[in-house]
Amino acid sequence: MPSMQTNVAPEFRKTTETFKAAAKTLPQRYFISPEIFAEEQESIFSKQWVLVGHQSQIPQGGDYLTTEVAGESLIIVRDKPGAIHGFYNLCRHRGSRLIENRHGQSTAIQCPYHAWTYSLDGRLIAAPHMDEVSGFDKTDYSLHAVNLALWEGFIFLNLADSPAPLAEWFKPLAGKFAPWNLSALRSAKRIEYDVRANWKLIFENYSECYHCGGVHPELSKISPYDSAENDLTEGLFLGGFMRVAKGKSLTMSGNACALAMEQFGEEDFRHVFYYSIFPNMLLSLHPDYVMVHQLLPQSPERTLILCDWFFHPEAFEQRDFDPDDAIEFWDMVNRQDWHVCELSQQGIASRAYEPGPYSARESIPAAWDREYLRFMK
Ligand code: FES
Ligand SMILES: [Fe+2]
């Protein structure tokens with residue numbers, strides 16, 4: 001028996017298909033419910049590879065930083081030979097938090113309570129008076145390690161027992177960012193934003209430029225909002241690129257502010273690439289710098305965002321190096337985005353909110369929502 005559709009006029013069929021395909025925004029509970037937030041922490045942030053920094057942020061042996069993933073405080077430290085390790089931030093004696101600073105330098109990790117001391121690779125090397133305890137063996141009390149791996153110089157942690165290797169996770173992106181030589185870059189600046197909005201609103205906002213004409217007049221002058229094209233349209237890595245007017249860059253002055261990355265073709269200079277990497281990384285690649293947002297969800301209504309501006313290491317030596325030109329520009333655009341994300345959070349919390357239809361220019365937020373929902377019960 002022929003299907004109903006065979007008899008439908010092509011124009012009408014197109015409308016029907018468009019209608020069927022129209023995705024809607026997520027229901028209210030996904031943005032305000034503490035139960036859903038707890039489930040995300042458990043099903044996503046406790047099981048997936050999560051961005052926590054870049055190797056250039058701990059360049060020397062003994063450099064460390066601390067971070068939080070799924071409510072766990074974690075230490076990331078470089079040992080003297082140069083290897084990077086990740087540990088849960090608690091002592092094997094009576095559980096005290098070991099390090100309170102966000103970052104620092106140390107030759108060893110010493111507990112502030114009874115001075116048990118651990119080497120930078122996590123071995124317990126001193127435990128005062130514990131030789132008086134029969135059967136006590138220091139080798140039984142190394143710090144609890146957490147899975148840590150690098151991708152293009154970025155440090156990722158995974159709290160799962162035996163996660164798939166990070167390299168496998170990133171296989172679909174192999175070679176894609178080679179011209180930027182991401183592992184060699186250095187951060188010139190970090191700005192921390194405390195945003196009163198759910199972390200998913202930040203992803204959804206980043207993933208479309210439907211809002212750019214109205215929200216980002218300065219950005220739209222340099223990079224037309226309707227020039228967006230997507231090349232990763234399904235899956236955990238999503239995004240595409242936008243045109244930049246010839247000879248321009250996304251800076252306050254509109255000019256390039258640093259040495260361009262190596263190995264660029266002529267065409268690459270005219271594009272800015274925007275990719276979201278599930279679940280907490282936004283990667284924005286410009287010809288002369290790379291901006292990375294790291295999202296740290298704090299509650300259903302609050303997200304801490306760490307934004308870093310990375311440059312080619314040799315750019316720092318150049319006389320006309322002017323990172324502030326890029327930093328000020330994106331700081332302005334970031335704040336414009338956070339403002340509308342906060343407005344969304346406020347409106348979504350209303351009893352009158354109901355999911356609204358995504359436009360054709362919001363296919364990436366819709367795809368992101370679909371991926372997100374695959375992780376939820
Ligand atoms: S709790 Fe760390 S040494 Fe006692
Ligand atoms: Fe925006």
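Absence of a disulfide-compatible partner, taken as no other cysteine beta carbon within less than 4.7 angstrom, is noted in the chain for 257, 307, 341.
Net charge near residue 296, counting Lys/Arg +1 and Asp/Glu -1 over other residues with Cβ under 11 Å of its Cβ?
Result for the neighbourhood of residue 296: -2.
Straight Cα distances below 21 angstrom link residue 47 to the lysines 171, 200, 377, with same-chain residues fewer than 8 positions distant left out. Electrostatic tally near residue 337: other residues with Cβ closer than 12 Å to its Cβ, Lys and Arg +1, Asp and Glu -1, net -3.
Set the Förster radius R0 to 22 Å, insert the Cβ-Cβ distance between residue 316 and residue 193 as r into 1/(1 + (r/R0)^6), and round the FRET efficiency to 0.05. List each step's numbers first, then the result.
On the way: r = 24 Å, r/R0 = 1.11.
For R0 = 22 Å, the calculated efficiency reads 0.35.
Per 0.36 nm of contour for each residue apart, how much would the distance between residue 246 and residue 184 grow if the chain were fully extended, relative to their Cα-Cα spacing?
Values: separation 62, 0.36 × 62 = 22.32 nm, distance 2.71 nm.
Length gained, residue 246 through residue 184: 19.6 nm.
Over the chain, calculate the relative contact order: mean separation of alpha carbon pairs under 8 Å at least 6 apart, over the residue count, as a percent.
On the way: 685 pairs, mean separation 71.6, N = 377.
Once normalised by length, the contact order is 19 percent.
Give me 369, 131 sorted ascending by neighbouring Cβ count inside 10 Å, so fewest comes first. Present the calculation step by step, with values, prior to reporting the outcome.
Details: 369 21, 131 9.
With the fewest neighbours first, 369, 131 line up as 131, 369.
Using θ = phi - 60° in the Karplus curve 6.51 cos²θ - 1.76 cosθ + 1.60, the 3J(HN,Hα) couplings for the stretch 295-305 round to 9, 10, x, 9, 6, x, 9, 9, 9, 8, 10 Hz; x is entered for Gly and Pro.
Of interest is the spacing of the C-alpha centroids, which for the stretch 325-376 and the stretch 294-319 amounts to 19 Å.
3J(HN,Hα) along the stretch 78-86, derived from phi through the Karplus expression 6.51 cos²θ - 1.76 cosθ + 1.60 where θ = phi - 60°, amounts to 9, 7, 4, x, x, 6, 9, 10, x Hz, with x in place of Gly and Pro.
Short-range pairs are left out: with C-alpha atoms under 8 Å and at least six residues apart, the relative contact order of the stretch 184-374 is 32 percent. Count Lys and Arg as plus one, Asp and Glu as minus one, and take only other residues whose Cβ is under 13 Å from that of residue 328; the net charge is then -3.
Every number here is computed from the coordinates shown, using simple stated rules; none is lab data. Keep in mind the model is a prediction, meaning the values are calculated, not measured. With ideal geometry, Cβ positions are generated from the backbone for all residues, glycine too; neighbour counts draw on all protein chains shown.
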